[in-house]
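Worksheet for the structure shown next.
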Amino acid sequence: MKFLRNIFDNAHATLNKKESTKKFFPLVDAIDTLVFTPNHVTKKGSHIRDAIDLKRTMMLVIIALIPCLLFGIYNTGFQHYRVLGQLDTASWLDMIGVGALVVLPMVIVSYASGLLVEFIFAIRNGHTVHEGFLVSGMLIPLCMPADVPLWMVAVATIFAVVIGKEVFGGTGMNILNVALTARAFLFFAHPTKMSGNLVWVTGYEDAKVAGNLPDGASGATALGDLVQGKADPSMAAEIGASFDAGQYDLLHSFVGLIPGSIGETSALMCLIGAGLLLWTGVASWRIITSFFVGGFVMASILNLVGGNVYFDLPAIHQLMLGGFMFGMVFMATDPVTASHTNTGKFIYGFLGGFIGILIRMVNPAYPEGIMLAILIANVFAPLIDHMVISSNIKRRLKRVKVA
Amino acid sequence: MDLVKIFIKSAFVDNMIFAFFFGMCSYLAVSKTVKTAVGLGMAVIFVLVVTIPLNWLIENFVLQEGALSWVDGSENGEGFSGLDLSYLSFIMFIAVIASIVQLVEMIVEKFSPALYGALGIFLPLIAVNCAILGGALFMQEKQFPNIAGATVYGLGSGVGWFMAVVLIAAIRERIRYAKIPGPLRGVGMAFLITGLMGLAFLGFMGFEI
């Protein structure tokens, strides 16, 4: 520990020697405060004393994301061997190896490009590096399909950090979730690499081109299959069967051994993360519960409408698929872009879940609609806050008048 | 049911701001506070709801080819039924819009002088707001079979515009204390926010209703 401390102190001293290197202070400071508690103290009277700060909060979210990351690595490999029909011969080590080779470079690229932008802005504007990117850098690879090229990850990350966050003045000021901005940007800029049937399983497209695929191997996600079943009733029976007892039954969907974006497939791992976030008080239980209720209500309404294989899928099963759980736990609860008032959080969460399932099921173009729904909820959040606050003001004014 | 579809489609899917970027000038100018945004949004809803059905009547009974046949009861291109006045549509629509806007201005001045002061020049400028003329021209293009459809279309477009301007006003109120880089402050930031909101609202594109 002492050894590390010395390194940072020396680095600070070296930078401070010359005027020209002084502006690189944020670089060292960022790593320093990540490892050690910052040594600045409150100068005026403080009202709340707490050991936690923004960096520690972000770290907790990253720890909560680790189950999703590890499972995502395993599942990426698992899906790879599944479409190649080699599940019997491949060991779990093979699967982790394949998955790690796909996922870890994406994590590294995302962190490198994002932090590069953060450092540039910090040095240019002369402030310390904002901590906000620590979580976004992990979320961005986890909400990408396995086969997305690395340069796209880098471009999307840079776009999201600059346009989504830095132009607003950095962490805490942005209006849209940074990771979702990155994903939405790629989704609309490079739709062929972000949706469809080819991108979700690593190695699928190559094997298909080479003709090495066994019969019946599919790279589509569960939601992609459902959209197909809705559009083409002749496929409906077969697809419906795979949801009753097969590749996509409730257990598989819950555990997450299904194709999808890297981190989003497993509802179980998301719930473990949610447990940690709720226990430590980092995520708001109001948003998580109301988001779930919103999605459940919409899915139940469409259950009642019925009429095709997609709408007939039980509501609870519907919520286990795609990015619903992942978005609910890690994206919607982003404290910056969510509503700030307690009543507002209920409305915000409900709106997000409700619109999410609506877009997913009614709009055939976007089966992965949760991302857009959370962005829409983000856009509505300031207005919700405004309404809540002004209604509070009105209520209290009334009380004053009565008294 | 058709009317509900028209409403949802015009308010969310074909939103005047996020899908067509119509009516941007007043959208950017009055969206600094929620209160003025609500006021102007209401005015736009009112003007659209009144002018689009009026223009629908003019379009269907005066301007279209053969629309004037009711004057002398002629058919097949003889007499009045042979007239095609659609080249007059721009000027007619603008005239209707301008007179309705005058009406709105008088109403607002009478009943809410404070709002009248806050909106300033942007209230009479609704007359040249492209969302209003755009609404009328889309109405012409969409060929609504009856006046109810046109009215609901006007209401939907107005509500969509209202929603957009109130949303961005709330966002701009929230980021008032954000440390935005100097050159971007004000309108630059409003453009960026509109773009990001448009990105989110792309989720409604292609709804199958």
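Counts of other chain beta carbons within 10 angstrom of each beta carbon in peptide A:372-385 average 6.
Return A:I393, A:I140, B:I17 ranked ascending by Cβ neighbour count within 10 Å, so the fewest neighbours appear first.
Details: A:I393 10, A:I140 30, B:I17 22.
The most exposed by this proxy come first: A:I393, B:I17, A:I140.
What is the distance in Å between the Cα centres of the stretch A:184-205 and the stretch B:162-209? First find each Cα centre; the distance between them is then 27 Å. Please list, in order, the residues from the stretch A:176-220 whose amide nitrogen is less than 20 Å from a point placed 7 Å along the Cα→Cβ vector of A:L150. Residues A:183, A:186, A:193-194, A:199-206 qualify, since their backbone N sits under 20 Å from the label point. Taking every residue in A:176-188 and counting other chain Cβ atoms within 10 Å of its Cβ, the average works out to 2.
Tell me, what is the percent relative contact order of the stretch A:1-98, built from C-alpha pairs under 8 Å that lie six or more residues apart?
Across the stretch A:1-98, relative contact order equals 16 percent.
The ranking of B:F144, A:F330 by Cβ neighbour count inside 10 Å, starting from the fewest, reads B:F144, A:F330.
Applying the Karplus relation 6.51 cos²θ - 1.76 cosθ + 1.60 with θ = phi - 60° to the stretch A:134-143 yields 3J(HN,Hα) values of 3, 7, 4, x, 7, 5, 4, x, 6, 9 Hz, where x marks Gly and Pro.
As a rough footprinting exposure proxy, the listed residues A:S390, A:S261 were ranked by other beta carbons within 10 Å of their own, and the order from fewest upward is A:S390, A:S261. Model label points for A:A210 and B:L184, set 7 angstrom from Cα along the Cα-to-Cβ axis, are 4.5 nm apart.
Across chain A, the mean sequence separation of Cα contacts (distance under 8 Å, 6 or more residues apart), normalised by length, yields a relative contact order of 16 percent. According to the calculation over all Cα-Cα pairs in the protein assembly as shown, the P(r) per 20 Å bin from zero is 17, 45, 29, 8, 1, 0 %. Close amide-amide hydrogen proximity is noted between B:I17 and B:F22, each under 5 Å apart and 5 or more residues distant or on a separate chain (H modeled in the peptide plane; Pro and chain starts excluded). Partners of B:K32 within straight-line reach, counting aspartates and glutamates whose Cα lies under 13 Å from its Cα and excluding those fewer than 8 residues away in the same chain: B:E173.
Centroid-to-centroid, using Cα positions, the stretch B:30-52 and the stretch B:91-135 are 9 Å apart.
Across the stretch A:185-191, computed HN-Hα scalar couplings (Karplus, 6.51 cos²θ - 1.76 cosθ + 1.60, θ = phi - 60°) run 4, 5, 4, 8, 7, 10, x Hz from first to last residue, x flagging Gly and Pro.
Once C-alpha pairs closer than 8 Å and six or more residues apart are averaged by separation and normalised to the residue number of chain B, the relative contact order reads 40 percent.
Placing a pseudo-label 7 Å from each Cα along the Cα-to-Cβ vector at A:L116 and A:K22 gives an inter-label distance of 2.9 nm.
Averaging Cα coordinates gives a centre for the stretch A:69-143 and one for the stretch A:249-325; these two points are 22 Å apart.
Please give the helix B:147-174 orientation as an angle from the longest Cα principal axis of chain B, in degrees from 0 to 90, rounded to the nearest 10. Tilt relative to chain B: about 10 degrees. Residue by residue, the stretch A:379-391 carries 3J(HN,Hα) couplings of 5, 7, 4, x, 5, 4, 4, 4, 4, 4, 5, 5, 6 Hz when phi is fed to the Karplus relation 6.51 cos²θ - 1.76 cosθ + 1.60 (θ = phi - 60°); x denotes Gly or Pro.
Here the stretch A:298-342 is scanned for amide nitrogen atoms under 19 Å from the site 7 Å beyond the Cα of A:A245 along Cα-to-Cβ, giving A:313-314, A:317. Full extension of the chain segment joining B:L125 with B:V38 gains 29.7 nm, where the gain is 0.36 nm per residue of separation less the Cα-Cα distance.
Values in this text are rule-based calculations from the coordinates and carry no lab data. This is a predicted model, so every value here is computed, not measured. Cβ: placed from backbone, ideal geometry, glycine included. Neighbour counts: every protein chain shown.
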